[in-house]
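Asker: Have a look at this one before I ask anything.
The values are calculated or read from the model by the stated rules, or taken from the named source; none is laboratory data. On a predicted model such as this, the values are computed, not experimentally measured, just so you know. Cβ: placed from backbone, ideal geometry, glycine included. Neighbour counts: every protein chain shown. Accessible surface areas use protein heavy atoms only, side chains included; no ligands, DNA or RNA. Shrake-Rupley method; radii C 1.70, N 1.55, O 1.52, S 1.80 Å.
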Amino acid sequence: MNLFTSSILLTLFMLTTPIMASSTNFYKSNKYQHYVKNMTLLAFIISLIPTTMFIHTNQETLISNWHWITIHTLKLSLSFKMDYFSLMFMPVALFITWSIMEFSIWYMHSDPNINQFFKYLLIFLITMLILTTANNLFQLFIGWEGVGIMSFLLIGWWFGRSDANTAALQAILYNRIGDIGFLLSMTWFLSNMNTWDLQQIFMLDQNSSNIPLMGLTPAAAGKSAQFGLHPWLPSAMEGPTPVSALLHSSTMVVAGIFLLIRFYPLMENNKPVQTMVLSLGALTTLFTAICALTQNDIKKIIAFSTSSQLGLMMVTIGLNQPHLAFLHICTHAFFKAMLFLCSGSIIHNLNNEQDIRKMGGLYKILPFTTTALITGCLALTGMPFLTGFYSKDLIIEAATSSYTNAWALLLTLIATSLTAIYSTRIISLTLLEQPRFPPLMSINETNPLLINPIKRLLIGSIFAGFILSNNMPPMTTPLMTMPLHLKLTALMMTILGFILAFEINTYSKNLKYPHPSNATNFSTLLGYFPTIMHRLPPHLVLTMSQKLATSMLDLTWTEAILPKTTAYIQLKASLLTSNQKGLIKLYFLSFLITMTLTLLSFNYLE
Amino acid sequence: VSLIHINILIAFTISLTGLLIYRSHLISALLCLEGITLSLFILAALTILNSHFTLASMIPIILLVFAAREAAIGLALLVIISNTYGTDYVQNFNLLQC
């Protein structure tokens with residue numbers, strides 16, 4: 001009897017306590033925020049216990065305590081699966097959420113509904129943990145929908161702004177399209193394997209698992225913003241920066257990837273689906289990296305960077321390396337959250353200015369944020385021995401030395417160099433040269449509530465890769481040998497990107513601002529994808545339905561064909577054939593007089 | 001021949017006269033139409049029952065069915081007229097011509 005199960009259940013329960021406290025008077029006080037933050041910190045510490053036990057003894061647990069319902073032969077119960085993935089993800093997610101909550105005490109300080117904000121963040125965290133620890137698909141779906149709902153509420157936090165409402169609705173719609181695939185897979189599992197439990201699904205080795213995996217792929221694409229279902233992620237930057245840092249960089253958008261990782265026993269035997277995932281991921285990573293090159297809003301650049309990294313994770317899953325993808329999820333969470341927190345610090349200090357063309361020269365003014373931003377960007381591009389190196393470099397190595405689709409590989413490599421380019425763009429436009437913002441700004445970063453989270457995530461960005469990859473038990477055989485030029489591929493592409501970016505930066509600094517070329521327009525307008533797809537299909541569908549349903553069926557077939565035609569024909573015919581004038585009383589009187597005269601004359605004339 | 005027959009025939013004649021001479025409302029004509037059909041029905045029923053002509057005893061029933069249909073159509077016309085004119089005064093009938 002050890003502490004494993006108790007710690008897990010205590011962690012999950014502890015996080016629900018502030019929500020239960022929200023109905024009391026404590027909710028209205030100022031201490032609620034610190035209470036929530038402290039609860040997350042304690043949950044993080046307690047969740048380290050099972051993780052350490054897992055690292056030490058490889059102990060996995062399945063907690064199945066409450067039998068909810070049995071419908072015919074389907075038994076649904078509340079069950080938590082604590083295996084490699086969920087045990088490693090929980091401390092990471094809790095650590096990052098703790099840092100973000102501390103940051104948002106500073107960021108959302110002037111908001112009157114700040115307690116509600118914290119409650120929403122907490123509900124989001126709980127649903128994300130439900131998603132990751134779920135053992136059956138029903139519970140996973142509960143977590144899935146939960147994070148979708150909380151994303152809607154948090155993106156539309158400033159709901160007086162119509163752009164925020166549109167973005168929140170867009171997020172829900174795109175997630176819903178993916179949910180169709182999820183429901184398809186659930187139905188297939190129910191009808192073919194009679195279960196929604198992951199254990200039974202992995203045990204029953206079916207011949208063709210094409211259909212459920214084809215269903216899970218759009219679900220992952222919708223949640224993780226792959227190409228075709230991606231526009232919601234840059235639009236989701238309408239939410240406050242802590243929301244972007246938590247949901248749309250570390251936790252929610254990896255839910256889709258996490259789903260595919262969970263199903264790796266099914267995926268490793270299914271080559272076509274792997275190829276599909278690989279192609280989708282490669283396309284996503286290149287397309288979003290291209291879109292990130294010319295964006296002008298700092299949060300959108302980081303959002304596209306997230307999308308590009310998600311494409312990279314999809315590529316890894318397509319290479320049949322789910323554990324590498326998971327490692328990339330964990331390490332990516334650190335530096336991406338830190339990048340968002342740094343951008344939040346910059347935005348708040350420049351009085352809510354988000355356009356990088358109006359920032360500059362922050363190198364000397366905000367030294368700590370500068371440090372964190374540069375470290376984050378370097379970790380993102382895969383600088384050797386920072387965090388990103390341990391996962392990203394391994395992914396590129398696995399890609400270059402596996403028997404895979406050369407096109408997908410090429411796209412991934414190009415996207416790697418583009419990563420370096422847009423990172424350089426962020427750094428040079430926000431931090432270097434002369435300031436381009438109005439001079440009377442009170443800029444300081446002395447508040448410990450701002451500095452401590454960034455400091456923690458900075459240490460995480462530097463060391464977490466090392467710590468995680470040394471403590472994670474290897475589940476697959478790592479790649480041992482490869483030619484030198486393949487080993488150096490990622491590094492070469494990154495350095496190439498940096499050199500290119502610096503060159504372009506220096507020789508276009510002093511020239512007249514050019515009119516944007518066609519390529520720039522393509523990149524800034526996100527490849528025209530939202531412009532086309534948000535207007536054309538709805539217009540076509542609505543026009544078609546108006547023509548078919550209203551005009552054809554309602555007005556024509558059931559109204560105009562028989563009733564109105566008959567009435568019309570009758571009217572015309574009667575007008576044509578009659579020449580009466582409607583003098584009814586005259587006609588009746590004449591009839592009466594005629595009848596009377598006839599009767600009288602026949603009576604008296606025999 | 002008998003007094004009852006004459007009674008009913010007089011009722012018929014009065015209703016007929018009322019149908020052909022009416023002052024202002026269309027509904028009075030419809031009412032007289034009902035009277036006509038009613039008197040015809042009673043005449044037919046009495047004659048057939050009196051002469052025990054059982055074979056023809058469905059004639060009053062059929063007559064009743066047709067009378068009901070006729071009344072329904074008359075009321076439908078009344079409703080349409082009332083929709084377009086607001087009243088059923090006969091002096092309006094030749095106002096709107098098409």
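Asker: Can you spot a residue in segment A:377-399 that is assigned by the TED database to the domain that holds A:L479, closer than 18 Å to A:I347 by Cα and touching a helix residue (DSSP H, G or I) at 6+ places or on another chain (Cβ under 9 Å)?
Answerer: yes
Asker: Continuing with the same structure: With respect to A:A225, determine if the residue is buried (at least 23 other Cβ atoms within 10 Å of the Cβ) and part of a helix (DSSP H, G or I).
Answerer: no
Asker: With the condition kept exactly as written, say whether any residue in segment B:49-69 is among the β-branched types (V, I, T), touching a Ser or Thr at 6+ places or on another chain (Cβ under 7 Å) and without any contact (Cβ under 8 Å) to a residue 40 or more places away in the chain.
Answerer: no
Residue by residue, here is whether (1) over 25 Å from the mean Cα position of the chain (by Cα); (2) open to solvent by less than 10 Å² (accessible area, probe 1.4 Å); (3) at pLDDT below 90; (4) not assigned by the TED database to the domain that holds A:A337 holds:
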site: A:M14; (1), (2), (3), (4): yes, no, no, no
site: A:I45; (1), (2), (3), (4): yes, no, no, no
site: A:I55; (1), (2), (3), (4): yes, no, yes, no
site: A:I63; (1), (2), (3), (4): yes, no, yes, no
site: A:W66; (1), (2), (3), (4): yes, no, yes, no
site: A:T97; (1), (2), (3), (4): no, yes, no, no
site: A:W106; (1), (2), (3), (4): yes, no, no, no
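Asker: Name the residues in segment A:480-498 that are surrounded by 13 or more Cβ atoms within 10 Å (Cβ to Cβ) and either under 31 Å from the mean Cα position of the chain (by Cα) or assigned to a helix (DSSP H, G or I) (or both), would you?
Answerer: A:L486, A:K487, A:T489, A:A490, A:L491, A:M492, A:M493, A:T494, A:I495, A:L496, A:G497, A:F498
Asker: In segment A:428-441, is there at least one residue being of a type in the set (V, I, T), touching a Lys or Arg at 6+ places or on another chain (Cβ under 9 Å) and at pLDDT 85 or above?
Answerer: no
Asker: Please indicate, with yes or no, whether at least one residue in segment A:338-346 is in contact with a Phe, Trp or Tyr (Cβ under 8 Å, 6 or more places away or on another chain) and either open to solvent by 10 Å² or more (accessible area, probe 1.4 Å) or over 24 Å from A:L450 (Cβ atoms) (or both).
Answerer: Checking segment A:338-346: not a single residue is in contact with a Phe, Trp or Tyr (Cβ under 8 Å, 6 or more places away or on another chain) and either open to solvent by 10 Å² or more (accessible area, probe 1.4 Å) or over 24 Å from A:L450 (Cβ atoms) (or both).
Asker: Let me ask something else. For B:T84, work out the one condition from (1) more than 25 Å from B:I6 (Cβ to Cβ); (2) in contact with a Phe, Trp or Tyr (Cβ under 6 Å, 6 or more places away or on another chain); (3) among the hydroxyl-bearing types (S, T, Y) it doesn't fulfil.
Answerer: Of (1) more than 25 Å from B:I6 (Cβ to Cβ); (2) in contact with a Phe, Trp or Tyr (Cβ under 6 Å, 6 or more places away or on another chain); (3) among the hydroxyl-bearing types (S, T, Y), only one is false for B:T84: (2).
Asker: How many of the residues in segment A:575-590 are facing chain B (nearest Cβ under 7 Å) and either open to solvent by 100 Å² or more (accessible area, probe 1.4 Å) or farther than 23 Å from B:A29 by Cβ (or both)?
Answerer: 2
Asker: Pick from A:N518, A:N470, A:N505: which is farther than 29 Å from A:S402 by Cα, free of Cβ contacts under 8 Å to residues at least 12 places away in the same chain and either in the same structural domain as A:S391 (by the TED database) or open to solvent by 40 Å² or more (accessible area, probe 1.4 Å) (or both)?
Answerer: Answer to the check: A:N518.
Asker: Hey, among the residues in segment B:65-98 that are away from chain A (no Cβ under 11 Å) and among the polar types (S, T, N, Q), which one's most open to solvent (accessible area, probe 1.4 Å)?
Answerer: Restricting to residues being away from chain A (no Cβ under 11 Å) and among the polar types (S, T, N, Q), the top hit is B:N83.
Asker: Would you check if A:I451 is open to solvent by 40 Å² or more (accessible area, probe 1.4 Å) and either assigned by the TED database to the domain that holds A:S423 or charged (D, E, K, R) (or both)?
Answerer: When the stated conditions are applied, A:I451 does not pass them.
Asker: In segment B:23-42, what residues are under 14 Å from the mean Cα position of the chain (by Cα) and either away from chain A (no Cβ under 14 Å) or open to solvent by 70 Å² or more (accessible area, probe 1.4 Å) (or both)?
Answerer: B:I27, B:L31, B:E34, B:G35, B:T37, B:L38, B:S39, B:L40, B:F41, B:I42
Asker: Oh, and also: So, A:M533, is that one surrounded by 11 or more Cβ atoms within 10 Å (Cβ to Cβ), in contact with a helix residue (DSSP H, G or I) (Cβ under 7 Å, 6 or more places away or on another chain), away from chain B (no Cβ under 14 Å) and in contact (Cβ under 8 Å) with a residue 60 or more places away in the chain or not?
Answerer: Considered against the rule, which asks whether it is surrounded by 11 or more Cβ atoms within 10 Å (Cβ to Cβ), in contact with a helix residue (DSSP H, G or I) (Cβ under 7 Å, 6 or more places away or on another chain), away from chain B (no Cβ under 14 Å) and in contact (Cβ under 8 Å) with a residue 60 or more places away in the chain, A:M533 comes out as no.
Asker: What residue, among those in segment A:186-222 that are over 17 Å from A:L137 (Cβ atoms) and assigned to a helix (DSSP H, G or I), is least open to solvent (accessible area, probe 1.4 Å)?
Answerer: A:A221
Asker: Hey, among A:L131, A:L125, A:L183, A:L154, which residue is closer than 18 Å to A:F263 by Cβ, crowded, with 23+ Cβ neighbours inside 10 Å and among the aliphatic types (A, V, I, L, M)?
Answerer: Going through A:L131, A:L125, A:L183, A:L154 in turn, just one is closer than 18 Å to A:F263 by Cβ, crowded, with 23+ Cβ neighbours inside 10 Å and among the aliphatic types (A, V, I, L, M): A:L131.
Asker: While we're here: Show the residue pairs that are 6+ apart or on different chains and have beta-carbon atoms under 8 Å apart, the first residue being within segment B:4-22 and more than 10 Å from chain A (Cβ to nearest Cβ) and closer than 15 Å to B:A45 by Cβ, the second being crowded, with 18+ Cβ neighbours inside 10 Å and of a type in the set (V, I, T).
Answerer: Here the result reads B:F12/B:I36, each pair linking segment B:4-22 to a residue that is crowded, with 18+ Cβ neighbours inside 10 Å and of a type in the set (V, I, T).
Asker: If the requirement is being among the small types (G, A, S), under 60 Å from the mean Cα position of the chain (by Cα) and under 25 Å from A:P234 (Cα atoms), which of these qualifies: A:A519, A:A560, A:A549, A:A567?
Answerer: Unique residue meeting the criteria: A:A519.
Asker: Something else now. Can you spot a residue in segment A:373-389 that is more than 23 Å from A:F502 (Cα to Cα) and either surrounded by fewer than 21 Cβ atoms within 10 Å (Cβ to Cβ) or within 25 Å of the chain's Cα centre (by Cα) (or both)?
Answerer: For segment A:373-389, residues more than 23 Å from A:F502 (Cα to Cα) and either surrounded by fewer than 21 Cβ atoms within 10 Å (Cβ to Cβ) or within 25 Å of the chain's Cα centre (by Cα) (or both): present.
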